[in-house]
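Working notes, beginning with the structure itself.
Derivation of every value follows stated rules applied to the coordinates shown; laboratory data play no part. The shown structure was predicted, so the numbers you read here are calculated from the model rather than taken from an experiment. Neighbour counts run over all protein chains shown; Cβ positions are idealised from the backbone, glycine included.
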Amino acid sequence: MSTELIKLDNGYALGIKIDMYNAPLILIKAHKGFIMCGYLNLETSETLGDVAAVVKNVNSFNDMLTAPVISFTSSAHKLGVKEGITGKQALELLC
């Protein structure tokens, strides 16, 4: 497992990466919410009321920041997250 403090324009986010057997599980948590890889379940995040967005086909924190958002919770949408913005743009909205 590795962690990294990721500097954003509006503050910082915490990256967490766990190397699984076939692909890494990656999450980057900002103050108001998080972006996650496809390993994690968006439906559960929605049910819990989390502010979350999903990016896919990522293997590193940098990949997470540059990948396009493909889905998100309704709470994330209310903060401005939309399909196609980068993970970094989503995190900036979640700081």
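Of note:
- A straight line joining the Cα centroids of segment 26-44 and segment 45-95 runs 7 Å.
- Rounded to the nearest 20, the Cβ-based charge dipole of the chain about its Cα centre (Lys and Arg +1, Asp and Glu -1) stands at 140 debye.
- Mean ellipticity per residue at 222 nm, deg cm²/dmol - from DSSP H runs of n ≥ 4 across the chain, formula -39500 (n - 2.57): -6500 deg cm²/dmol
- Taking other Cβ atoms within 10 Å as a rough exposure proxy, Met64, Met20 sort from fewest to most as Met20, Met64.
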